[in-house]
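These notes concern the structure reproduced below.
What follows draws every value from the coordinates through simple rules; no lab data is involved. Keep in mind the model is a prediction, meaning the values are calculated, not measured. A quick note on method: Cβ atoms are made from the backbone with ideal geometry, for glycine too, and the neighbour counts reach across all protein chains shown.
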Amino acid sequence: MGRYVLLRTLVMLPIALGVSIVVYVTVKIIPGDPVASILGSHPSASARAAVEHHYGLDKPAVVQYFYWLGRVLRGDLGESISLQVPVRTLVSAAVGNTLVLAGFAAVVAVGGGVILGTIMAFARGRSPRVVANAVAVTSLSVPQYTLGVLFIVTFAVNLGWFPTGGMRDAITGGAVLQHVVLPGFASGLVPMGIIARMYSAALRETASSGWVESLRARGLSTPRLVGHIVYGSTSPLLTIAGLQLGYLLGGVVYVEVIFAWPGLGQLVYESISKRDLPVIQAGVLVAALAFVILNFGVDLLRAVIDPRVRKGRAVGV
Amino acid sequence: MTTISGSLGTARLGRRVSRRRRLQPSTHVVLGLLAMLVLVAVFGPLLAPHSPIAADPVHRLAGIGSPGHLLGTDGQGRDILSRLLYGARTSLLTGLVPVGISSVIGTALGMFAGLAGSKLNALVMRVLDVFYAFPTVLLAIAVGAALGPGIRNAMIALTVVFVPPVARLVESAVAAVRGDDFMESARSSGASRVRIATRQVLPNVVAPLVVYCTSLIGLSIVEAAGLSFLGLAATPPNAEWGLMLNDGRNYFFTNPGVALVPAVAVLVSSLIFNLTGDRLAVELQVDRKELS
């Protein structure tokens, strides 16, 4: 196990570093003059030099990268150019809100996906399978922003069951649960459909594997057999769920904008139009690193529950 | 893995049989839908009853089914149906171009990685892993934000996003046939690397690639509209579905059609490509599970 953790860490670190380089480079080549956005369009040479020095813009790109990485590792994400407050303050407030939304959506995605996938794989009779399959295929085909608009028009505007947007009541500051339902489902249904499809495939593959066949030959009762199949399919389920939750982290951007949810996506969206480099950089970096760490955690979890993973043998999906 | 059939002999046989077999009825239906979408994109501007950008403040926010405006008008009184028809062309373009370019680059990269030595293979695949570590939307936002707004830049961003998955698919398809007997016999008969790549490997890669890329077009349409929605692709007053959707956010209560119509249009066109991908998988006998 210790060897496995070390191995996975050695794989994860270069990827995390690569992610930071990609984020740094992409944001670095954003057209537009960050100095001009602070000082106006025609700053004096000395004022320009002072600002460039203050933000480290006068150093070579590679040096700037390592300065930046060092500061990031110490938790310093720089200062927002448009608001002149630490990026960390903006991001940490937004991350918490995004986690609330993503957490709710993850429950929808994984919970719904497992239920649908199980029905698709095991249900007796044709109709439940057909219905579950139809639900899965429909939900994975509808873009998250389309779902968002459909939900707002149906459940908020016409039926008035839920608020159209925001995270808390303006006056009481409560009722987060009521606000999270629509955006949660809007961002969770696509991954739910994908998880359902792939989980049912994993279940069927496990069910047709040799060791399940031998258990069946030994005369195990159907419920116990199903128990074994479900346990044997947990490892592929974790892999799928990990990848889909990453997808969810990305798709949440659209949903947050549509529902005016004050999270990371909303923050990045607003920073794009203001050309606020450090905030975009930090937002994308935090989300991408969360994805890397999430998948690292998934790999460790798989190793704990599945000895085949620990011993380096490929399993299923 | 993504082999079509085990060895060369059965692959040839299988293909000849499937060519003679007639297409299934549901494939005809899906292909008909696809043809309609393409026709709308090509001839949409001719069918449009109004200009897509002519504002008519008197008749603003007319509902769906209003006289003269079948799908109503938006906040500036522009005809939504006309904007929808004009936008179809952009949408199809932003679906086809990034997937087309990234499938060429990705195939070249994947075949190179699959046929190169293990060190080069590892190098290419690890670099791709870094891009894989980004959720699609975020990578597109990062690249799109870096390049600045515009349809062309959005298509470049999406191309960057789609190269790694295509390359990975091709690499695994190559890996599946790498040890096969026909590869060995081609090598021992003195075929050059390039010839082996194009004549022996490529035919085994094409079927899964076509299926995957067809569905990818659907995703590309969705993401391109998403980038426009975020202000990273099309710019006002252009008729583009993502832009129309963003504009519609202001009129949820007064005229929900402004947001609903383009939202559903994106769904329908991406759905058509997803269904086409599903049908192609059936017709070409590609195992979908390996592609996702």
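Could you tell me which of rounded, prolate or oblate describes the protein assembly as shown, using a ≥ b ≥ c as the square roots of the eigenvalues of the alpha-carbon gyration tensor, with rounded for a/c under 1.5 and, failing that, prolate when a/b is larger than b/c and oblate otherwise? It is rounded, given that a/c, with a ≥ b ≥ c, falls under 1.5. Selection among B:Ser172, B:Phe43, A:Gln281 by position relative to the dipole of the protein assembly as shown gives B:Ser172 as farthest towards the positive end (Cβ unit charges, Cα centre). Among B:Val222, B:Val177, B:Val104, which one shows the highest mean-square fluctuation when chain B is modelled as a Gaussian network with alpha-carbon springs under 10 Å? Between B:Val222, B:Val177, B:Val104, it is B:Val104 that shows the largest mean-square fluctuation. Counted by Cβ distance under 12 Å from A:Val253, the other residues give a net charge of -3, where Lys and Arg count +1 and Asp and Glu count -1.
In loop segments of segment A:33-118 as defined by DSSP, the trypsin sites (Lys or Arg not before Pro) with at most 11 further C-beta atoms inside 10 Å of their C-beta are A:Arg74. Model label points for A:Glu270 and B:Leu202, set 7 angstrom from Cα along the Cα-to-Cβ axis, are 5.2 nm apart. I'd like the chymotrypsin sites (Phe, Trp or Tyr not before Pro) in segment A:159-257 restricted to DSSP loop residues with at most 16 other Cβ atoms within 10 Å, sorted by number. The qualifying sites are A:Trp161.
Per-residue mean of other chain beta-carbon atoms within 10 angstrom of the beta-carbon, peptide B:224-231?
On the way: counts 0, 4, 8, 1, 0, 7, 9, 4.
The per-residue average across the peptide is 4.
Going by a ≥ b ≥ c, the root eigenvalues of the Cα gyration tensor, does chain A fall in the rounded group (a/c under 1.5), the prolate group (a/b larger than b/c) or the oblate group? Oblate shape, in that a/c is at least 1.5 and b/c is the bigger or equal ratio. Remark: mean inter-chain Cβ contacts per residue of B:261-269 equal 4, using a 10 Å Cβ-Cβ cutoff to other protein chain atoms.
Local charge sum around B:Met244 (other residues, Cβ-Cβ under 13 Å, Lys/Arg +1, Asp/Glu -1)?
On the way: positive: B:Arg78, B:Arg83, B:Arg249; negative: B:Asp74, B:Asp79, B:Glu240, B:Asp247.
Every neighbour counted, the sum reads -1.
Helices in the protein assembly as shown, meaning DSSP H runs of at least 4 residues, each add -39500 (n - 2.57). Divided by all residues, the mean residue ellipticity at 222 nm is -24000 deg cm²/dmol.
Relative to the Cα centre, the charge distribution of the protein assembly as shown, modelled as +1 at Lys and Arg Cβ and -1 at Asp and Glu Cβ, gives a dipole magnitude of about 2240 debye. For the protein assembly as shown, the number of Lys pairs separated by eight or more positions or lying on different chains, with C-alpha atoms closer than 24 Å, is 4. The orientation-averaged shadow of the Cα convex hull for segment B:24-152, equal to a quarter of the hull surface, comes to 12.6 nm². Between B:Ser66 and B:Gly72, the built amide H atoms are under 5 Å apart, and every one of these is 5 or more places off in sequence or on another chain.
Computed packing ranks the peptides B:263-271, A:10-18 as B:263-271, A:10-18, most packed first, by mean other Cβ atoms within 10 Å. Each distinct pair of alpha carbons in segment A:168-279 adds a 1/r term; the inverse of their mean, the Kirkwood radius, is 17.3 Å. Length gained on full extension, A:Ser44 to A:Val304, computed as 0.36 nm times the residue gap minus the Cα-Cα distance: 87.5 nm. Take each residue in A:245-253, count the other chain C-beta atoms within 10 Å of its C-beta, and the mean is 5.
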